[in-house]
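Everything on this sheet refers to the single structure shown next.
The values are calculated or read from the model by the stated rules, or taken from the named source; none is laboratory data. Source: prediction; values computed, not measured. Using ideal geometry, Cβ is built from the backbone for each residue, glycine included, and neighbour counts are taken over all protein chains shown. For the accessible areas, the whole protein counts, side chains as well, though only heavy atoms, and no ligand, DNA or RNA atoms are used. Shrake-Rupley method; radii C 1.70, N 1.55, O 1.52, S 1.80 Å.
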Amino acid sequence: MSDPILKFENVGKLYHLGTFGSGSLTRDLTRWWKMNIKREPDPYLRIGESNNRSKKGDSDVVWALKDISFDVNQGDVVGIIGKNGAGKSTLLKLLSRITSPSTGLIKAKGRVASLLEVGTGFHTELTGRENIYMNGTVMGMTKHEIDRKLDEIVDFAGVERYIDTPVKRYSSGMMVRLGFAVAAFLEPEILVVDEVLAVGDAEFQRKAIGKMQHISTSEGRTVLFVSHNMAAIKTLCTRGLLLEKGELKYSGSTIDTVSNYLALEENTGIRKIIDGIRYKKDWLNINKIEINGTEHNQSVIKSGQEVLTLIIEGYTKEDFKTDPMLIFKNRDGVPLASLAEGHTKGKIEHVNKGIFRIERTIKLPKFLSQGDLIVDLSLHHPMMEYQLRIPEAAILLSEGYFESGGRAGILNEQGLCQLKRLYSPN
């Protein structure tokens, strides 16, 4: 096996709260003496608390990251997820050399291109074209190499009209478009992208995710991607890292990483994965969810398909009645349809205590939007009391077929009709 392209070894980052410095001249002098004269570790590192932003602590120093260790191989697309303040952006800043780790070692092979904040790496007084050449030069590229990529960058960013205008006059969306294009097309070995993509519109987000997929699968380059969009993480990433309060809580498959993340959310009734249990309440465990023949992974809803299958397996400590409901949303999280059989056909599921398996065939609506469909699964009592809500249980790809009034066509993700053909009802 080849050596990893990126390696974090016990990496930590410590920050001082409040005013600059440690708060006293004595501590500053002690730190300087220990670290610079005696070549010993910072004596105040051990005092720091974990980064729990919701509670006031007793120490004036906190660990934004603590003892982070993981490897990334060439061509991996790694999704980094966690709540706000978990340390995701700090990790990317360490990798991008914007700041240095307090402890540990980071080893990276090749060029690293980063898109962390709107306008990162841009000089606002320079034009878009000048900033492209400046960024390429900083990355060690020659003018000839940048010339070869210039047209692709401008075309992808969609800012040709403004390319010779100073970027201080760009909107935040234009800045993100150009910043991503520069980072992606200047051929870094490691591409680092933060949640900043959320600033772009839906069309650009799809283009950006498609570009990241292309450079990883076709060009063998490595991508680290931070996002709160779990559907994008599931679609794009080959593995995941979950951070909580500055510590690495989980590293593994994308699906299991997302499941662990959802387990951290309050008031959802979901608990951490234990022994293969993906979703858990005090009396109900869900081990498997299969929609349209696949478990979690994307499958296709064909044009004209009338039904899909739903399989739920698990264990219950008590008998219960339930009516599974699927809620379809587009990539932007907008609900499109909710599907259940119980209320229309009386097919309430009677589940007995012990190991159970629920199999349902659910009729699809006459029309579906084209593109990715995010599927939320809800188990609820016939009287609409929710027993368990499982957000983003699966991602399906719809071909977007519809039939109505002698016409057939497709609906795009915005719900706009694209007429496919006309035919006679006779």
*State yes or no: is G179 within 22 Å of the chain's Cα centre (by Cα), assigned to a helix (DSSP H, G or I) and of a type outside the set (A, V, I, L, M, F, W, C)?*
yes
_Output for the stretch 144-176, where each listed residue is touching a Phe, Trp or Tyr at 6+ places or on another chain (Cβ under 6 Å) and open to solvent by less than 60 Å² (accessible area, probe 1.4 Å)_ = I146, K149, I153, V167
*asked:* For the stretch 201-242, give me the residue count where each residue is open to solvent by less than 10 Å² (accessible area, probe 1.4 Å) and small (G, A, S).
replied: 5
*Select from the stretch 47-58 the residues that are open to solvent by 20 Å² or more (accessible area, probe 1.4 Å) and either at pLDDT 90 or above or not in a strand (DSSP E or B) (or both) and list them in ascending order.*
I47, N51, N52, R53, S54, K55, K56, G57, D58
_Restricting the stretch 102-134 to residues that are of a type in the set (S, T, N, Q) and in contact with a Lys or Arg (Cβ under 7 Å, 6 or more places away or on another chain), the residue that is nearest to K7 (Cα to Cα)_ = S102
*Number of the exception - K38 against (1) modelled with pLDDT under 90; (2) crowded, with 19+ Cβ neighbours inside 10 Å*: (2)
*Of the numbered conditions (1) open to solvent by 30 Å² or more (accessible area, probe 1.4 Å); (2) within 26 Å of the chain's Cα centre (by Cα), F185 satisfies every one except a single condition; which is it?*
(1)
